[in-house]
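The values are calculated or read from the model by the stated rules, or taken from the named source; none is laboratory data. On a predicted model such as this, the values are computed, not experimentally measured, just so you know. Every residue, glycine among them, receives a Cβ derived from its backbone with ideal geometry; neighbour counts consider all protein chains shown. Ligands, DNA and RNA are excluded from the accessible area calculation, which covers all protein heavy atoms including side chains. Shrake-Rupley method; radii C 1.70, N 1.55, O 1.52, S 1.80 Å.
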Amino acid sequence: MKALLVNGSPHKVGCTHTALELVGGALRESDIETDEFWIGAKPIAGCIGCYKCAELGRCVFKDDKVEEFLEIAGEYDAFVFGSPVYFSGVAGSMKCFMDRVFFSNRGRVGFVLKPAAVVASARRAGTTATLEQLEKHLQHQQMVQVNSRYWPMVHGNTPNEVMRDEEGVQVMQQLGRNMAWLLKSIEAGRAAGVEPPMQPARRIGTNFIR
């Protein structure tokens, strides 16, 4: 089993990477393989609501990290999405990345019922708002959200400061252990013949203005 750690920071080896690596270390201790996907420091276009993805089966913007992620995402059994906080919420490039990944997916990658978690890194504030924003993407795809013993956040201006946030470190490690347990439980259920719930043949979308 493999989990993909998605680093939504423009800094490849910064505080968000440190938080994700704490989760990843606990996963690997439980024999879950991990890889890290960095969204990079280049601009990522936001969703423009053109709905071309419904026609093309992919986002109309095809030359950035969104397409690169969707090309490999199907290989993974679980995901951890991490974002830094720069101004009260999700970092801008990570917000654009998440919006386009989940809106343009259109069933291309089977995210449904896969375990997923979100983590946030901040100097001081904005973490809970960031977590709430990220969680909505998981809910949209029916992913199984994995939690820890507290809100999954770390504090610090540098990786060294993050490692001094003892509570944050513990929360990240417990998150990894919880995800590993859930992955193994799903595997055991599958081996025992437990089938996933039936999905509707057609998604109903209701507009409020007629």
Scan around residue 6 for amide H atoms under 5 Å from its own, H built in the peptide plane at 1.01 Å from N, and keep only partners 5 or more places away or cross-chain. 37, 80, 81, 82
Subtracting the Cα-Cα distance of residue 2 and residue 182 from 0.36 nm times their residue separation yields 63.5 nm
With a 1.4 Å probe and every protein chain left in place, tell me how much accessible area residue 121 has, in Å² to the nearest 10. 10 Å²
Under the rule of -39500 (n - 2.57) per DSSP H run of 4 or more residues, summed and divided by the residues of the chain, what mean residue ellipticity at 222 nm is obtained, to the nearest 500 deg cm²/dmol? -13000 deg cm²/dmol
From the mean inverse distance of alpha carbon pairs (Kirkwood) and the Cα radius of gyration, derive Rg over Rh for the chain. 0.97
Taking the Cα centroid of the range 86-118 and of the range 4-78, what is the distance between the two, rounded to the nearest whole Å? 8 Å
Can you tell me which of 65, 95, 42 moves the most in a GNM of the chain? Springs connect C-alpha atoms under 10 Å apart. 42
How large is log10 of I(q)/I(0) for the range 136-204 at q = 0.15, 0.22 Å⁻¹ when the intensity is taken from the Debye formula with one equal scatterer per alpha-carbon? -0.70, -1.01
In sequence order, what are the phi-derived ³J(HN,Hα) couplings for the range 163-179 according to the Karplus relation 6.51 cos²θ - 1.76 cosθ + 1.60 with θ = phi - 60°, rounded to whole Hz, with x for glycine and proline? 5, 8, 7, 4, 5, x, 4, 4, 4, 4, 5, 5, 4, x, 5, 5, 5
Explain nothing, just the number: dipole magnitude of the range 71-161 about its Cα centre with +1 on each Lys and Arg Cβ and -1 on each Asp and Glu Cβ, in debye rounded to the nearest 20. 180 debye
The lysines whose Cα lies under 26 Å from the Cα of residue 65, excluding any fewer than 8 residues away in the same chain, are 2, 12, 42, 52, 95, 114, 136
